[in-house]
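Reading through the C-alpha cells given below for one structure.
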Amino acid sequence: MQTLVTLLVLAPALGALIAGLFGRRIGNTLSQGVTTGLLFLSCALSWYVFAQHTWGGLEPFTVKLLDFINIGTFQSAWSIRIDALSATMLIVVTSVSSLVHLYSWGYMAEDPSKPRFFAYLSLFTFAMLMLVTAADFMQLFFGWEGVGLASYLLIGFWFHKDSASSAAIKAFVVNRVGDFGFALGIMTIYWQFGTINFAELFPLLASKEATSWAFLSWHFSALDLAAFLLFIGAMGKSAQFFLHTWLPDAMEGPTPVSALIHAATMVTAGVYMVCLLSPLFELAPVAKMIVTYVGAITAIFAASIGFTQNDIKRVIAFSTCSQLGYMFFAAGVGAYEAAMFHLFTHAFFKALLFLGAGSVIHGMHHEQDMRNMGGLYKYLPATYAVMMIGTIAITGLGIPYTQIGFAGFFSKDTIIETAWAAAGTPQGMFAFWIGVVAALLTAFYSWRLIFMTFHGKKQWEHGHDDHHSHDEAHGDHAHAAVAHHDDHAHDDHAHDDHGHGHHAHTPHESPLVMLIPLFVLSVGAVAAGFVFAPYFVGDHAHDFWGHAIFHGPHNHVLHDAHHIEEKWVKFAPLVVTLLGTLGAVYYYLMRPDVPKAMAAKQGGFYRFLYNKWYFDELYQVVFVKGSKALGDFFWKILDVKIIDGLGPNGVAATALKSAKNLVKSQTGFLYHYAFVMFLGIAGLLTWVVFFLAR
C-alpha cells in the first residue's frame, strides 16, 4: 500500500516533467497521452485507497519519503499521510483532474502549445496532492504555494492577451495577501508548541487553551490567534469575502482550467485545511465564529452577484464562491463532516457545469455572453442534458425525509440543518437564514443560466447588441487571439475589438472526447449524495472519519441536525429552491423582456450588483492608488525633496558651489596674495587695538 500511494502522488509530477521538458521533442499526442495516462493511473489508485479505507478496514498511516528541513527542533519531512480526509481529497483531485485532462484533448485541439498546457495541468495536480497528503505545515505550505504557482501559469496560459496576464497577476497578488497570514499562523504554531508536525501538534493543543498573548494593552487567546491567521490563508485560497476578487477574473484562463482549479480543487484547499485543523478550531471559539460569519456573508454576497452577470463562466465562478461560503460556515458551526461532504459533491456538479459551459463555448465558436445564445437545446442536446443535471444538483433539489434527490440536496441541506442545530448561537442563527436565502438566489441564477443559454430566441442569429461594449473581455476569446498569433487562426474564430465572436456557423455539439467526461461527472452529480451520505454525515460517519476530524465535548451539531423536530426547517430549502426556480421561469421564459428592461434602465441596485459591489473599484482606490500615493510620497517628498534636498542637492551642492567660488580666488598672482595678507594683518591689528582699548 505504501508503494501504491507513493506512485499515486508522484505520477502527475512525472507527467509534468516529461511533457514540460520533452514536449517539443515527443510531440503533442505523446505529451497528452503520457500526462493523461498517468493521471488516470493516479485516479484509479486513489479510488482503490478510498475503497480500502471505507470498506476494507484500512487504518490511517504515514509514508516518509525523505527529510526536508532539519534545523534544531525545526524538523520537517516529505511524507504522505493517508486518513479519511486525505483519502477523500485524493479521489476529488484525481477524478476531476483526469477528466479535465481527457476533456482538454478536444477543447485545446487547435492550440499550438498543448505540451505546455498539459504539463501545467499535471504540475497543478501534483502540488494539490502534496497539499492534501501533508503530514506537517511545511509540506502543506509547499503544496499551498505550488497550486498558487500552477494557477498563475494556467490563468495566464494565453499570455499574449493582456487581460489573461493581468488576471494571473491579480490571482497571484491577492493570494499572497492570504498566504502572508497563513505563514504567520504557521510561525505562531511553532512559536507556541515547538513543532509543525500534525501528529505531534494535535495532542499538545489542549495544554495551551488558557494561554494568551499580550500586545500593548490587549490580550488574545493564543489558539484563537493562530487559528485566525491560518484562516486568512484559507480566505485567500478559497476566495472568501474581502479576498475574493481574483476568482471571477481567473475565468480568463481556458475553461478546463476553470473547472480544475476554480471549481473543484484549489479553491477547496482552504475548506480542507480548516477541517484538517479541527482540533485547533474546536479550541478557538472566536476564530470559529469568524469562520462562520465570513462564510455566510460570502454565500449571500456571491449569490447576489450571480444573477446580474452575463458571461456564462463568471456566473458559475460566483456560484463557486457562494458554495464555498456554505462549506466554511458549516465548518464554523462545527459540522466539519458536512463541509467535507459538500466539498465532495460540489466537485462533481461544479466541474460538470464548468466543462458543460466549455462545451457551450466550443459549440458557439468561443462566444461566452449568454445574451448572444438562446435556443441551443436543439443544437447541443447532450450538453443541455448534462447541464440540466448539474443545475438540479447545485440547486439542491430533493424531497426531505426521503433518499430522492441529486448530490447537492444531501450535502447542502445537511449544512443548513447543522446551522439550525447551532442556532443557539448568534452566528448559527445568522448562518441558517443566510443559507436559506442563498439557496433561493442559487436556484434563480442557476436556472437563469440554463434558460438564457438553451431556451428562448436564438440571439446568435441576430448579431451583437451595443451593450457588449460595456462588458469585460472574456477569457476564452484569447484562444482565437493566440491561435492567430501562431498562424493557426480559423475563420469562425475571428473576433472584434471587444472579444466577441461573429458566428459564421451554426452551433454544434462537442466531440465525444469532451462529452465522455461530462457523462462521467453527471453520474457523480446524481449519485454522489445518496451513495456516500451514510459515510460522510450519516450512521457510518463516526467509523468513516475516525480520528481525522475532532469534536469538542460540547459539539453535537451533526447529531442534533439529524433529530430536528421542526419540519419546516427540513422543508425550507426545498420551498425557496422552488420559488427561485419559478422566478427564473417567469422572468426568462415567460417575460424575458422584463430583465432586459431592468438591465437597460441601469438602476442603482442593478449597477451595484453588476459591478460586484464595487470591490474592484474600492481596492483600486484604497490599495492600488493608495500604494502609488505612498510610493510617490516616499520618492518625490522623502527621497527627492528631503534626503536629496539636504544631501546631494543640499549640503553637498553648497559645498561644491563654495569650492568652485573658492577656486576662482586662486589667481596665481603674487600681488593678489600680498594684498590679502595685508588685509589680514590690518584686521588682526584692528582687533588687538580694540581689545586693548577696552
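The values are calculated or read from the model by the stated rules, or taken from the named source; none is laboratory data. Remember, predicted model here, so these are calculated numbers, not experimental data. In this analysis, Cβ positions are derived from the backbone assuming ideal geometry, glycine residues included, and neighbour counts consider all displayed protein chains.
Some values worked out for this structure:
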{"read-out": "Selected residue (only one of I416, I361, I399 is farther than 17 Å from D311 by Cβ and under 24 Å from the mean Cα position of the chain (by Cα))", "value": "I416"}
{"read-out": "Where a residue in the stretch 51-63 is surrounded by 13 or more Cβ atoms within 10 Å (Cβ to Cβ) and its partner, wherever it lies, is among the basic types (K, R), with Cβ under 6 Å and at least six apart", "value": "T62/R81"}
{"read-out": "So A214, is it in the same structural domain as G332 (by TED's automatic domain parsing), farther than 28 Å from V173 by Cα and outside any helix (DSSP H, G or I)", "value": "yes"}
{"read-out": "Pairs, first in the same structural domain as Q459 (by TED's automatic domain parsing) and under 17 Å from G456 (Cβ atoms) in the stretch 375-396, second surrounded by fewer than 24 Cβ atoms within 10 Å (Cβ to Cβ) and small (G, A, S), C-beta under 8 Å, six or more apart", "value": "G375/G456; L376/G363; Y379/G363; L380/G363; L380/S510; T383/G363; T383/S510"}
{"read-out": "Candidate set: the stretch 280-310, residues that are more than 15 Å from F231 (Cβ to Cβ) and assigned to a helix (DSSP H, G or I); chosen: the one modelled with the lowest pLDDT", "value": "G306"}
{"read-out": "Residue within the stretch 95-107 that is more than 24 Å from the chain's Cα centre (by Cα), buried (at least 17 other Cβ atoms within 10 Å of the Cβ) and in a helix (DSSP H, G or I) present", "value": "yes"}
{"read-out": "In the stretch 519-541, the residues that are over 26 Å from the mean Cα position of the chain (by Cα) and not in a helix (DSSP H, G or I)", "value": "G538, D539, H540"}
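One line per residue, one yes/no per condition, for (1) in contact with a Cys (Cβ under 8 Å, 6 or more places away or on another chain); (2) closer than 30 Å to A51 by Cβ:
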residue	(1), (2)
D543	no, yes
I549	yes, yes
H554	no, no
E565	no, no
